[in-house]
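The block underneath contains the structure these notes are about, expressed in structure tokens.
Values quoted throughout were computed directly from the atomic coordinates according to the rules given, and no laboratory measurement underlies them. Bear in mind the structure is a predicted one, so any value in this text is a computation, not a measurement. Note: ideal-geometry Cβ built from the backbone for every residue, glycine included; neighbour counts use all protein chains shown.
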Amino acid sequence: MYPVRQTPHSVGRTAELRMAAALQLHPYPDPHCPNTRPMSRFLTQTMETIRCRLLCLLAVCCLGLVGCTAADGTGQLQQPPAIPDRLQVVTTVAPLADIIGNVIGDLANLQALVPPGVNSHTYEPTPSDARHLAAADLIFINGLQLEALILDLAEANVAEGVPIVALGDRVLDRSDWVFDFSFPESGGAPNPHIWLNPELVMACVEVIAEELGRADPAQAEAYAANAETYLNRLRQLDEALAEASATVPESQRQLLTYHDSWAYFGPRYGFTVTGAIQPADMAEPSAREVADLIRQVREANVPVIFGAAEFPSPVLEAIARETGARLEASLADDVLPGEPGDPEHSYIGMMLYNTRIIVAALGGDVQALDSVPLTQNQANG
Ligand SMILES: [Zn+2]
């Protein structure tokens, strides 16, 4: 048996706080601005800018609708362009899009709003996003406040009665929310990276199938069948990740990462997330913070620093060079590895890709990961 899921809130919390104190990665409140918290300061500035843009965007959308209204001369707002016969499903980030796509198969249309490789944490929606949301029959977001701007836009644009399903809020009790380095409790937004924990993803798949069946009852059984097929693959993935992770010597099972996205993965597979380098506002650490970090990484004898390919950071190389820690800078935290069409350009591929890097870098054996099929055809084969 592999480790049973432990509650993220209780597991790792002590260790996280201990390392946070030891590393002093992101002291809260911010010493440079004692009366404000980093997240709230960031949010205040960013939200102000973005709300202005959002208002402009909504005005553009309204003008578009008025244009349609003028065409028929009735004064009634027209519906968006006629939707083809398939259900229109809209979602946000790439990992979720792939997961949802596996439940949908060829039964509905799916549109992901956040473009590949774009930082979903700071993504600003576009006018075309407003159009997709207005045309949607069903919307899935991660929730946990990851897509606050998209949610605002969705609520302003969706047709009446269209569900906006926040998966993270459905599968994770508030008591299990993790607040940590880049997502401090003082900021109010928990760590949103539920997709890096396949157990939570399996719970999402159940919700996705249920909501698709409700929105498109004629095909409910087909969605449920697709979900069951995909769940079997996710169970196999989960077991393989656990088996490979268990080969890492216990003393090595620590994750010091750049992007703070491993909060729900760590407890699932027995890793302690000991720190995250990226500040809450997604900027680079200051020179002083880097200097402190170098000293503290040395003291804590951190074996590997993990960076993410989508968040390249020059400070990582400097920290690795100065501390002697090994640098693995190619994790795929929020994006799918490879290119569209590659077998590994999928959620399952992403989890295998990342776990292979982590387990190998920390001295474990990745062999168990080789048994997991990357595609449904391989699984059938
Ligand atoms: Zn992220």
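Counting neighbouring Cβ atoms within 10 Å and putting the fewest first, the residues Phe140, Phe306 line up as Phe306, Phe140. Under a 5 Å amide H cut-off, with hydrogens placed 1.01 Å from N, Ile141 pairs with Val165, Ala166, Leu167 among residues at least 5 apart or on other chains. Using the Cα gyration tensor of region 102-181, with a ≥ b ≥ c the square roots of its eigenvalues, what is the shape: rounded (a/c below 1.5), prolate (a/b larger than b/c) or oblate (neither)? Verdict is prolate for region 102-181. Neighbour counting of Cβ atoms within 10 Å sorts the residues Arg233, Arg174, Arg131, Arg214, fewest neighbours leading, into Arg174, Arg214, Arg131, Arg233. Working from label points 7 Å from Cα in the Cα-to-Cβ sense, the Glu206 to Ala291 distance is 5.3 nm. Label zone (Asn119, point 7 Å along Cα-to-C-beta; backbone nitrogen cut-off 19 Å) within region 172-203: 180-184, 187-194.
State the Cα centre-to-centre distance between region 182-243 and region 256-334 in whole Å. Rounded to whole Å, the Cα centres lie 27 Å apart. Near Leu110, the amide H atoms lying under 5 Å from its own belong to Val89; only residues 5 or more places off or on other chains count, and H is placed 1.01 Å from N.
Taken one residue at a time, the phi angles of region 319-333 give Karplus couplings (6.51, -1.76, 1.60, θ = phi - 60°) of 5, 5, 4, 6, 9, x, 5, 7, 10, 10, 9, 10, 4, 10, 6 Hz. Gly and Pro are set to x.
In percent, what relative contact order does region 290-381 have, based on Cα pairs under 8 Å that are 6 or more apart in sequence?
22 percent
Working from label points 7 Å from Cα in the Cα-to-Cβ sense, the Met282 to Asp370 distance is 3.9 nm. For a paramagnetic label modelled at 7 Å from the Cα of Glu199 toward its Cβ, which residues of region 242-256 fall within the zone defined by backbone nitrogen distances under 14 Å? Hits in region 242-256 for Glu199 at 14 Å: 242-243.
Placing a pseudo-label 7 Å from each Cα along the Cα-to-Cβ vector at Ala360 and Arg174 gives an inter-label distance of 4.4 nm. With neighbours defined as other Cβ atoms within 10 Å of a residue's Cβ, the residues Asp342, Asp180 order from fewest to most as Asp342, Asp180. Computed log10 I(q)/I(0) for region 249-380 at 0.09, 0.12, 0.14, 0.23 Å⁻¹: -0.28, -0.49, -0.65, -1.47, from the Debye equation with unit scatterers placed on every C-alpha and solvent omitted. Applying 0.36 nm per residue to the separation of Asp106 and Ala225 and subtracting their alpha-carbon distance, the gain on full extension is 41.6 nm.
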